[in-house]
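S.K.: Take this structure, written in structure tokens, and hold onto it; I'll ask about it next.
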Amino acid sequence: MSAPVVVCTWQGAGDDVAEETAAALTLGRRVAAESGTELRWLVLGPAPEDLVETARSHGVTVVDTFGDARLESPGPDAVVEAVARYSASRPAALIVFNQHFGTRFVVPRVAGRIDAAVVMNCTDVELAESGGFLVTAAAYGGDTRAVYAPDPERTCVVALLANAVLPEPVETPAQAPPVEDVDIDVAGVEERVRIVEQARSEGPRLEDAEIIVAGGRGLGSPENFKLVEELAETLGGMAGASRPIVDEGWTDSAHQVGLTGRITRPALYVAAGISGATQHMAGCSAAKTIVAINTDPDAAIFRYAKYGIVGDCLEVLPEMIRAVREAGVAR
Ligand SMILES: Cc1cc2nc3c(=O)[nH]c(=O)nc-3n(C[C@H](O)[C@H](O)[C@H](O)COP(=O)(O)OP(=O)(O)OC[C@H]3O[C@@H](n4cnc5c(N)ncnc54)[C@H](O)[C@@H]3O)c2cc1C
């Protein structure tokens, strides 16, 4: 059997969300099945409560957990060290991480330590006819997709973008996989990156919203963002924003949609006063239906929109709020 596919999740650093772990396991399982190899799940940090059931429902062959107490809440340096040593004793064909704030610090360094290829912003992995993998990734700030063919003789490490793969548990799960304790001592590792403050957002996440109403610079002023929030609330959805208005402090960064914000996949995305720059669309173009409101009929957002309204969002948003209320579809 060829070298395994390893899905590596780092609880406490952005992998606490079951959906993203499930997405990485779904990709790992597909690649492992096509390669005829095993799927291992390497869990860093405290194991999720439903560890064994999640592993079983995603066709994991073996779960590896770290026994070292320091890895209960590991920092980036400890994670790099632990994964590098793990990989030295169990060389993998492919290592899949979820891409988030925590793993951005880690993935390229793991690859460097084990002399592997690395692809960030990954959206898919397929087998190449010649052997090895073809890794698709968002490139040029989300403008385009690039397909990389890493050296098949080396391990390939990828960081999977949120919402790039739909989680799909197996239809008939096999028996529960064994959970093996990996004995790696990271006691001597010094953490060189110190996180002094970390934004913590509570409540529902934009990534999971079914309906998003987002506003951009076309709103004109910070007070008008409340129209976006009001329509979102009336529709039972969440408010989103383009980066410039987050940078200006009209709303906080948990609302930013786009390449450097949240990658969303709602059923409905209403974009008010947003031009449709590729970096913004990287975070919402997977929406089932986009409704755009813009005064400029040539705005790029209309290329993505199913329904376009050429008009002033300060007039259109109040009308939409009224219409939704009158129609009684408000939640
Ligand atoms: C590396 C990098 C990463 C980035 N990441 C992100 C990201 O994650 N998310 C993001 O959003 N951006 C990101 N950007 C910025 C991005 O390139 C755009 O600059 C940004 O998305 C534009 O925001 P906007 O559409 O709100 O503003 P603008 O581009 O200024 O567009 C405003 C729009 O509003 C319209 N308008 C004006 N008045 C009205 C009105 N009264 N009613 C209706 N429409 C009106 C205008 O016609 C215009 O189309 C990134 C850029 C870089 C370089």
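The values are calculated or read from the model by the stated rules, or taken from the named source; none is laboratory data. Here the structure is a predicted model, which is why all the values come from computation and not from measurement. When we count neighbours, we look across all protein chains shown, and the Cβ atoms used for this are built from the backbone with ideal geometry, even at glycine.
S.K.: Criterion first (buried (at least 21 other Cβ atoms within 10 Å of the Cβ), out of contact with any Phe, Trp or Tyr (no Cβ under 8 Å at 6 or more places or on another chain), part of a helix (DSSP H, G or I) and at pLDDT 90 or above) does V96 satisfy it?
M.R.: When the stated conditions are applied, V96 does not pass them.
S.K.: When you look at R243, is it within 10 Å of the ligand (Cβ to nearest atom) and either over 24 Å from M320 (Cα atoms) or touching a strand residue (DSSP E or B) at 6+ places or on another chain (Cβ under 6 Å) (or both), yes or no? I'd like the intermediate steps shown before the answer.
M.R.: On the way: within 10 Å of the ligand (Cβ to nearest atom): yes; either over 24 Å from M320 (Cα atoms) or touching a strand residue (DSSP E or B) at 6+ places or on another chain (Cβ under 6 Å) (or both): yes.
So R243 passes the test.
S.K.: So, one more: Return the residue satisfying two criteria in turn: it lies in the range 306-331 and is among the β-branched types (V, I, T) and either away from the ligand (no atom under 16 Å from the Cβ) or modelled with pLDDT under 95 (or both), and of such residues it is farthest from F225 (Cα to Cα).
M.R.: V329
S.K.: Any residue at all in the range 188-210 that's touching a Leu at 6+ places or on another chain (Cβ under 8 Å) and at pLDDT 90 or above?
M.R.: yes
S.K.: Sticking with this structure for a sec: Output the residue which, of all residues in the range 221-235 that are within 13 Å of V324 (Cα to Cα) and more than 23 Å from the chain's Cα centre (by Cα), is surrounded by the fewest Cβ atoms within 10 Å (Cβ to Cβ).
M.R.: Here is the first cut: in the range 221-235, the ones within 13 Å of V324 (Cα to Cα) are 230-235.
In the following step, the residues that additionally are more than 23 Å from the chain's Cα centre (by Cα) were identified as 230-231, 233-235.
Details: E230: 17, L231: 23, E233: 15, T234: 19, L235: 20.
So, considering only residues that are within 13 Å of V324 (Cα to Cα) and more than 23 Å from the chain's Cα centre (by Cα), the one surrounded by the fewest Cβ atoms within 10 Å (Cβ to Cβ) is E233.
S.K.: Give the range 99-139 a look and list any residue that's without any contact (Cβ under 8 Å) to a residue 12 or more places away in the chain and assigned to a loop (DSSP other than H, G, I, E, B), or say none.
M.R.: The answer is E129, and nothing else.
S.K.: Next up: So which residues in the range 266-280 are within 9 Å of the ligand (Cβ to nearest atom), on the phi < 0 side of the Ramachandran plot and surrounded by fewer than 24 Cβ atoms within 10 Å (Cβ to Cβ), if there are any at all?
M.R.: S275, A277, T278, Q279
S.K.: Please give the number of the condition L160 fails out of (1) touching a Ser or Thr at 6+ places or on another chain (Cβ under 9 Å); (2) surrounded by fewer than 18 Cβ atoms within 10 Å (Cβ to Cβ).
M.R.: (2)
S.K.: Would you mention how many residues in the range 284-301 are more than 6 Å from the ligand (Cβ to nearest atom), crowded, with 19+ Cβ neighbours inside 10 Å and either charged (D, E, K, R) or more than 17 Å from L235 (Cβ to Cβ) (or both)?
M.R.: Qualifying residue count for the region: 1.
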